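*Asks:* Encoded as structure tokens, here's the structure I'll be asking about.
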Amino acid sequence: MGYDILSKIIEFTDSEEALEKRLEDVAALLISFFAFDQCAIYLFDQEKKILILAVEAGSKQEGQRVYREDEGLPGLAIKTGKPVFITQFGRIKDVWQGIADKSASGFKTVICHPVKDDILYGALYMRSMDKKIISPKKKKLLAVIALQLATAIKNYECIVHLTDANKKMQDMQARLVHAEKLLALGEMAATLAHEIRNPLMSIGGFTKRLQQQLGADPSHSAYVERIVKEVERLEKLMDGIVRFSDKSGYELSLEDINNIIEEAAQFFEDEFKGSGIAVVRDMTPDMPRIEADRQQLKLVFNNLMANAIQAMAKGGTLTIQTRHEDNWIVTEMSDTGGGIDIKIMSNIFNPFYTTKETGTGLGLAITHTIVTNHKGIIEVNNNMGVGVTFVIKLPVAREQGGNYE
Amino acid sequence: MNEKILVVDDEEGIRLLYKEELMDEGLDVHLAASGEEALAKLEKDKFDLIVLDIKMPGMDGIEVLRRVKERWKNLPVILSTAYHHYKQEFGTWASDAYVVKSSDLKELKTTIKDILNTGRK
Ligand SMILES: Nc1ncnc2c1ncn2[C@@H]1O[C@H](COP(=O)(O)OP(=O)(O)OP(=O)(O)O)[C@@H](O)[C@H]1O
Ligand SMILES: [Mg+2]
């Protein structure tokens, strides 16, 4: 006897179940083994320094939910680090030897056992309506059980931390792999683009000569015109790829983001009007400058606006907000173009990913690269069925009081 | 007399295209397939302008440009390449103009004309 319960407790505390379920099993086992009416297990909150009721088992379940570390019988147990055993003929009152604890009131036998090794994890609180003599052997057994419980809780916390850390690492790795993939893709694409560009240029150039020489001969001009058009499209694509991988040649100066956005918006003025898109500006004036390559950054807003316009072909609202937040200049650009399908969400920043018939799929890839090169962050808030908000955070220039690295 | 221009590009198709198009503009067009060949031709002949590709195997356009400007300080050079950013990097020195390569040669032609016209005055 006795070792039964211990091996059972070990079994419970080592199981894969959620901690709460394991504690419940232990509490239930303690009740049946010691023939008590109630058993509660409290866990110690290391930050708030309080005991919080985790599980209760047994008949009347009305223990106090929370104990301060100097409160009641559990408080006494954890303060002294020793178990409190009370056994008496009459019922225990609200106050026992100057210690107020309503949870003990009405019982004849109460055990409060700290659950700890070097660190305090909690307390066991067992109560019985009958007067029970706890033999030294049982006391020892209880001490071993409490220690086993402490180990179980400790292990559990370790695993939770490990899982958290592991998850964080996996997330980070996934992001790294993604960034690397982008980079590799970009480099490969750039090499390809350079190789393709030259022959493309002579195809296009000679076709244009052919076009001139054929004149308006209707039997050929349609073909030749098609070739010229397609070559121009390909040249535009190659241009985009070269830009995408173009990491050098950034010319930084102190810029006002509102000004850059305004210039980009002006570029699309006709498109906004043509598609019935209202542009709402909510720009904070006189914000600190950012350190930016004006042309590159304009490309960012060009790309985002182009996407918004394409998403709102039947009209809508484009809201542009800028604000100063700590060391960041934050721009939010929201459209009402219906949002992005969750299924494709993870692809939108990949080069060549497009859902459009004539898209290159480079718009957002270039945008991402440029923002990153500016030590900035780009985020997407997708509101499925409504629209998309692109959030761009760029660091305040150092001369302007920014203190980013 | 027609202005004499030297086109330096490692791609044959592009050399031929430039030749035909620029001849149509009434220019006397000569070709070089590499930086080395270009420098050799410049030693022998007198040119009014060079159109120079930047990305070439062997001696690249930037190196050719440097040597040209050392020896023939007043010979105008137009750099042409696929890279946009060279425009910024080399804008401050040496080359007289910069053109992004494209099957549409309008930009190149107007740039050549502008430079030759200023030279004539
Ligand atoms: N504002 C938006 N609303 C809805 N979908 C969007 C929006 N912006 C981007 N997308 C989706 O992301 C994809 C990738 O966008 P990206 O700008 O990279 O390429 P693209 O617009 O398709 O091509 P290009 O930029 O060459 O015109 C788009 O094809 C579209 O499916
Ligand atoms: Mg786009």
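The values are calculated or read from the model by the stated rules, or taken from the named source; none is laboratory data. None of these values were measured; they are calculated from a predicted model. Glycine also receives a Cβ, built like all others from the backbone with ideal geometry; neighbour counts cover every protein chain displayed. For accessibility, only protein heavy atoms count, side chains too; no ligands or nucleic acids. Shrake-Rupley method; radii C 1.70, N 1.55, O 1.52, S 1.80 Å.
*Asks:* What is the average number of partner chain Cβ atoms found within 10 Å of a Cβ in B:7-17?
*Replies:* The shielding value for this peptide is 3.
*Asks:* Taking the 0 to 90 degree range and rounding to the nearest ten, how far is the long axis of helix A:19-34 tilted relative to the main principal axis of chain A, both from C-alpha atoms?
*Replies:* In chain A, helix A:19-34 runs at an angle near 10 degrees to the longest axis.
*Asks:* Helix A:218-244 sits at what angle to the longest principal axis of chain A, using alpha carbons and giving 0 to 90 degrees rounded to 10?
*Replies:* The two axes meet at around 40 degrees.
*Asks:* Suppose R0 equals 51 Å. What FRET efficiency, 1/(1 + (r/R0)^6) with r the Cβ-Cβ distance, do A:S7 and A:H178 give to the nearest 0.05? Intermediate results must be reported in sequence, preceding the final value.
*Replies:* On the way: r = 49 Å, r/R0 = 0.96.
E between A:S7 and A:H178, to the nearest 0.05, is 0.55.
*Asks:* Still on this model: Would you kindly state how much longer the chain becomes between A:R68 and A:L210 on full extension, computed as 0.36 nm times their sequence separation minus their alpha carbon distance, in nm to one decimal? Let's see the in-between values first.
*Replies:* Details: separation 142, 0.36 × 142 = 51.12 nm, distance 9.11 nm.
Result: 42.0 nm gained on full extension.
*Asks:* At a probe radius of 1.4 Å, what is the per-residue accessible area of A:T355, in Å² to the nearest 10?
*Replies:* In the full protein context, A:T355 sits at about 100 Å².
*Asks:* Mind checking the per residue accessible area of the stretch A:2-162 for me, 1.4 Å probe, whole number of Å²?
*Replies:* Counting only protein heavy atoms, the per-residue value for the stretch A:2-162 is 52 Å².
*Asks:* Also: Per residue Cα convex hull volume for the stretch A:246-405, in cubic angstrom?
*Replies:* 114 Å³
*Asks:* Next question. Given the stretch A:205-293 reduced to its alpha-carbon atoms as identical point scatterers, what log10 I(q)/I(0) does the Debye formula return at q = 0.17 Å⁻¹?
*Replies:* These q points yield log10 I(q)/I(0) values of -0.93.
*Asks:* Right, another one. What nm distance separates the two modelled labels at A:I133 and A:L254, each placed 7 Å from Cα along Cα→Cβ?
*Replies:* Rounded to a tenth, the inter-label distance reads 8.9 nm.
*Asks:* Separate question: Rounded to whole Å and sorted largest first, list the principal axis extents of the Cα atoms in the stretch A:77-208.
*Replies:* 111, 29, 22
*Asks:* Same structure again: Assuming R0 = 22 Å, what is the FRET efficiency of A:K356 and A:V280, from their Cβ-Cβ distance, to the nearest 0.05? Numbers along the way, then the final one.
*Replies:* Values: r = 25 Å, r/R0 = 1.14.
For R0 = 22 Å, the calculated efficiency reads 0.30.
*Asks:* What accessible area, in Å² to the nearest ten, does a 1.4 Å probe give for A:I5?
*Replies:* Counting only protein heavy atoms, the figure is 10 Å².
*Asks:* Based on the alpha carbons, how large is the Rg to Rh ratio for the stretch A:11-146 when Rh follows Kirkwood?
*Replies:* Here Rg/Rh amounts to 0.93.
*Asks:* Take every Cα-Cα distance within the stretch A:324-405, group them into 5 Å bins from 0 onward, and report for each bin the whole-number percent of pairs it holds.
*Replies:* Result returned by the calculation: 3, 14, 19, 23, 17, 11, 7, 5, 1, 0.
*Asks:* Per the 1.4 Å probe, what fraction of the accessible area of the stretch A:85-236, in percent, lies on carbon and sulfur atoms?
*Replies:* The computed percentage sits at 62.
*Asks:* Full extension from A:E17 to A:D171: what is 0.36 nm times the residue separation minus their Cα-Cα distance, to one decimal in nm?
*Replies:* Extra length from A:E17 to A:D171 when fully extended: 52.9 nm.
*Asks:* Mind computing the radius of gyration and Dmax over the alpha-carbon atoms of chain A? Å is fine for both.
*Replies:* Just the Cα atoms of chain A yield Rg and Dmax of 35.3, 119 Å.
*Asks:* For chain B, rounded, prolate or oblate, judged on the Cα gyration tensor with a ≥ b ≥ c (square roots of eigenvalues), a/c < 1.5 rounded, else prolate if a/b > b/c?
*Replies:* Rounded, since a/c falls under 1.5.
*Asks:* Using the structure shown, select from A:K82/A:K116; B:K44/B:K106; A:K298/A:K356; A:K102/A:K140; A:K229/A:K273 the pairs with a Cα to Cα distance greater than 19 angstrom.
*Replies:* Over 19 Å apart, Cα to Cα: B:K44/B:K106; A:K298/A:K356; A:K102/A:K140; A:K229/A:K273.
*Asks:* With equal scatterers on the alpha carbons only and no solvent term, can you work out the Debye log10 of I(q)/I(0) for the stretch A:28-107 at 0.18, 0.23, 0.25, 0.26 1/Å?
*Replies:* Relative scattering, expressed as log10 I(q)/I(0), comes to -0.81, -1.29, -1.44, -1.48.
*Asks:* Shifting gears a bit: Counting protein heavy atoms only and a 1.4 angstrom probe, how many square angstrom of accessible surface do chains B and A bury in total, to the nearest 100?
*Replies:* 1900 Å²
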